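For reference, the structure discussed in these notes is given below.
Quick note: the coordinates plus some simple rules give every number you see, no bench work behind them. If you're wondering where the values come from, they're calculated on a predicted model, not measured in any experiment. In this analysis, Cβ positions are derived from the backbone assuming ideal geometry, glycine residues included, and neighbour counts consider all displayed protein chains.
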Amino acid sequence: MPTTAPVTLRAVRVEVLHLTQPYPLVGGTPASGASTTTFTDALDLVDPLLGGVYVGGWLLRSNPTVLGNDRERRITAHNTATGVLTVAPAFTVAPAASEEYEVWSTDRPTLVERLVNRALWRVRAPIDTALVGVAGQRQYDLSEEAWLLRPSQVLGVYARAGQTGRTEDSPVEGWRIYQDGHTLVLDLRESTFGGGDTVVLRAMRDYGSGQGGLTTDEDSSTQAPLPLLAHEVAWDLCKRPPQGLDTSPDLLDQRKERAHQIKRELLAIRDAYRSTVSVPLFQTGESWGIGGYGHTPGARWA
């Protein structure tokens, strides 16, 4: 199962940066001499081989303390000998020493953040969600799982190893999901769990539902798998024309090829997540398969 650890907006954006930008840069050592129109990093921004690749691109100040209207600026000049970027319009508050930043050569980072919220509605992956079993109980209210909206999302039910009479993870035979008003309920044919045992639902999660999207807060987070979400955003971005000054045919060809490559990677990642839903198989009466697709209180047993 994919991890459900929170993924921050910054983590998604940095992943997209490395997937899409010809010269990605994530730094964190600007000099204290920065002003409202210049940004200096004598380490990462000093490289004569860079030439003017960042001119026309964007500087993003990624510290959570930087206010929204001061986060992004267009780069108008780059002194590769001293590591000084000149930006416009001027910052309201000058950057501080050791402030984290990103340099985007062909795309606006704030556009990427908007694409993240669009992509969340396309990201679907199976996850396990655990319920605490109660001895003698057959019905379990699923209303606390705000993202679980339809009975068809539930792919299977099983019990963890090491619990009442179980030496390994095992499917639960005889279950259904039905809708009671606006609440989904797990209904077990028999109560086979001891008190405190873990009942696990394997369900397909749609990460756009019940989340409301990410804000521009760097620590705003989602439970969506990072590789899947970042590739969705990167593919969407690379299908669009670059927003930087370089619109040469060579760059456009490279971008088109990169879009194809990212799509291939995205399809492989989707397949990898989807393949997890077929193991283990859950008994559906007379045949083996994935069950539990009931939509009404009279839903069939799995």
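Rounded to the nearest 0.05, what FRET efficiency do residue 77 and residue 257 have when you use their Cβ-Cβ distance and R0 = 41 Å? The computed FRET efficiency comes out at 0.85. Based on every Cα atom in segment 60-126, Rg and the maximum pairwise Cα distance Dmax equal 14.9, 50 Å. Model label points for residue 268 and residue 46, set 7 angstrom from Cα along the Cα-to-Cβ axis, are 3.9 nm apart.
Whole-percent P(r), segment 23-105, all Cα pairs, 10 Å bins from 0: 21, 61, 17, 0.
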